[in-house]
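Asker: Submitted below is the structure of interest, expressed as C-alpha cells.
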Amino acid sequence: MALETVAENACFGGTQGVYKHTSQELDCEMRFAVFAPPQAVHAPCPVVFWLSGLTCTEENFIVKAGAQRAAAELGLVIVAPDTSPRGVHLPGEDDSYDFGAGAGFYVDATEAPWSQHYRMYSYVIGELSALIFKHFPARADRQAIMGHSMGGHGALTIALKNPDTFASVSAFAPIVAPMQVPWGEKAFSGYLGSDRATWADYDATALIQAGRRHPGTILIDQGLADNFLAEQLQPKLFVDACAAAGQAVELRMQPDYDHSYFFIATFIEDHLRHHAAALAGL
C-alpha cells in the first residue's frame, strides 16, 4: 500500500502529518491525519483513533480540537481518517449533509450503488489500521478509539464489536441509537436497506442489548446546549441499556456546551487522559 505525504508540520515536539493513499477497501483515494508525539522517535507509542462527525474531513480534528499538546505529553499517537469515500461520483452523494459524502456512518454498505465504496467500518478496522502499523510508530497492542457525533457512534460500535482490539473508548455527543433517530434512519435505509434487523449491528444501544460489552468504562461527554440532543442523540437510551446490562459507562452532561469543536476542545484532554490510563494499564 503506497503512501504519499501531503503535509507534515512540527507540533509540540512531535509531527502532525496528513497522508493519502489509494484505498482498496473503498476503491478511491483517501486522506488521513496522524499526530506522532515526540516519544515516538525512540519507540512505538499507544494509538488513539479519532472518528469525526457529519461533513468533516481528516482536517477538522487536527486544526480545531487542540489535542496535540496533551497527546505529546502523554505519548499518544492520534489517527484521524476522513468520514467517507471521496471522489467516487455516485448519484446523490452530494445532495445532503447527512448522507453520502462526509457521512459514511462507519458502516459497510450493502445497498447498490453505495456498497462498492461506502465501507468505512472495514476501512477503519482493516485497511487503515494496517497502514498505520506498517508506516507509523504506533503499537498494535495498545489501541483506543473515540469520536464525535456520527464519529462517536462509530467509536462506540467499533469498540463494542472489537473489545480485544480497543482497550478503551470514549465519545463526544454520540449518536447512540441511530435506529431510533432521523439521522440514523436516513443513513441506514440508504446504506443497509429496509430490513431493520440488519441495522442493529451498527447501533451501540442495540449492541449492548444484544450482549456486546466493553471491558473498560465508556466515557461520554454531552453538552446540554446541544441543539441535536433531544432529536438525534438521546444518550439516556444508551446509558439505560448499559445500566440494565452491567456495562460501565460515565455520562457527563456539560451545562452550556453545544455540539461544536469548542465543546470538544474543552474536554479533549480529559478523554486523552482516560485513554492513556487504560492503555498504560495493559
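Asker: Which net charge results when you count Lys and Arg as +1 and Asp and Glu as -1 among the other residues whose beta-carbon is under 13 Å from that of Glu73?
Answerer: Result for the local shell: +1.
Asker: Residue by residue, what Karplus-based ³J(HN,Hα) values in Hz, rounded to whole numbers, does the stretch 61-68 have, using 6.51, -1.76 and 1.60 with θ = phi - 60° and x for Gly and Pro?
Answerer: These are the phi-based 3J(HN,Hα) values: 5, 6, 9, 10, 7, x, 7, 5 Hz.
Asker: Looking at the square roots a ≥ b ≥ c of the eigenvalues of the Cα gyration tensor of the stretch 184-278, which shape do they give, rounded for a/c under 1.5, prolate if a/b is larger than b/c, or oblate?
Answerer: oblate
Asker: Collect residues whose amide H, placed 1.01 Å from N in the peptide plane, falls under 5 Å from the amide H of Thr15; neighbours closer than 5 in sequence don't count.
Answerer: Ala36
Asker: Scan the stretch 1-75 for chymotrypsin sites (Phe, Trp or Tyr not before Pro) in coil per DSSP, keeping those whose Cβ has at most 16 other Cβ atoms within 10 Å, and list them by number.
Answerer: In loop regions of the stretch 1-75 (DSSP not H, G, I, E or B), the sparsely surrounded chymotrypsin sites (Phe, Trp or Tyr not before Pro) are Phe12.
Asker: Report the rotationally averaged projected area of the stretch 6-118 based on its alpha-carbon convex hull, in square nanometres.
Answerer: Projected over every direction and averaged, the Cα hull of the stretch 6-118 covers 7.4 nm².
Asker: I'd like to compare 241-248, 138-145: which one has the highest average count of other Cβ atoms within 10 Å, and what's the full order after that?
Answerer: The peptides rank, most packed first, as 138-145, 241-248.
Asker: OK, next. Determine Rg/Rh for the stretch 35-181; Rg is computed over alpha-carbon atoms and Rh is the Kirkwood hydrodynamic estimate from the same atoms.
Answerer: That ratio equals 0.97.
Asker: Once the other residues with Cβ under 10 Å from the Cβ of Pro182 are scored (Lys, Arg +1; Asp, Glu -1), what is the net sum?
Answerer: -2
Asker: For the stretch 166-233, what log10 I(q)/I(0) values come out of the Debye formula at q = 0.21, 0.25, 0.27, 0.28 1/Å, with one point per alpha carbon and no solvent?
Answerer: The calculated log intensity ratios at q = 0.21, 0.25, 0.27, 0.28 Å⁻¹ are -0.97, -1.14, -1.19, -1.22.
Asker: Given Val107, Phe12, Met120, which one lies farthest toward the positive end of the charge dipole of the chain, if we put +1 on the Cβ of every Lys and Arg and -1 on the Cβ of every Asp and Glu?
Answerer: Going by the charge dipole, the pick is Phe12.
Asker: Across 10 Å bins from the origin, how do the percents of Cα pairs in the stretch 4-280 run, short distances first?
Answerer: Histogramming the stretch 4-280 at 10 Å steps yields 7, 32, 38, 20, 3, 0 percent.
Asker: Cβ under 15 Å from Glu59's Cβ, Glu59 left aside: what net charge do those residues give with Lys, Arg +1 and Asp, Glu -1?
Answerer: Counting the neighbours of Glu59, the net charge comes to +1.
Asker: Please build a GNM for the chain, connecting alpha carbons under 10 Å apart, and tell me which residue among Pro46, Pro174, Pro113 fluctuates the most.
Answerer: Ranking Pro46, Pro174, Pro113 by mean-square fluctuation puts Pro113 first.
Asker: Would you kindly derive the ³J(HN,Hα) couplings of the stretch 158-165 from the backbone phi angles with the Karplus curve 6.51 cos²θ - 1.76 cosθ + 1.60 (θ = phi - 60°), listing them in order in whole Hz, with x for Gly and Pro?
Answerer: Karplus values, whole Hz, x for Gly and Pro: 5, 5, 5, 8, 9, x, 7, 8.
Asker: Enumerate the calculated ³J(HN,Hα) couplings along the stretch 47-59 in order (Karplus 6.51 cos²θ - 1.76 cosθ + 1.60, θ = phi - 60°), each rounded to whole Hz, writing x wherever the residue is Gly or Pro.
Answerer: Ordered by residue, 3J(HN,Hα) equals 10, 10, 8, 10, 10, 7, x, 3, 6, 7, 10, 5, 7 Hz.
Asker: Report the Cα-based extents of the stretch 80-119 along its three principal axes, largest first, to the nearest Å.
Answerer: Answer, in whole Å and largest first: 27, 20, 17 Å.
Asker: As a test of understanding, state the convex hull volume per residue of the stretch 91-163 from its alpha carbons, in Å³.
Answerer: 104 Å³
Read-outs throughout are calculated quantities, based only on the coordinates presented, and are distinct from any laboratory measurement. Please read all numbers here as calculations on a predicted model, not as lab measurements. Positions of Cβ are generated from backbone atoms using ideal geometry, with glycine treated the same way; all protein chains shown enter the neighbour counts.
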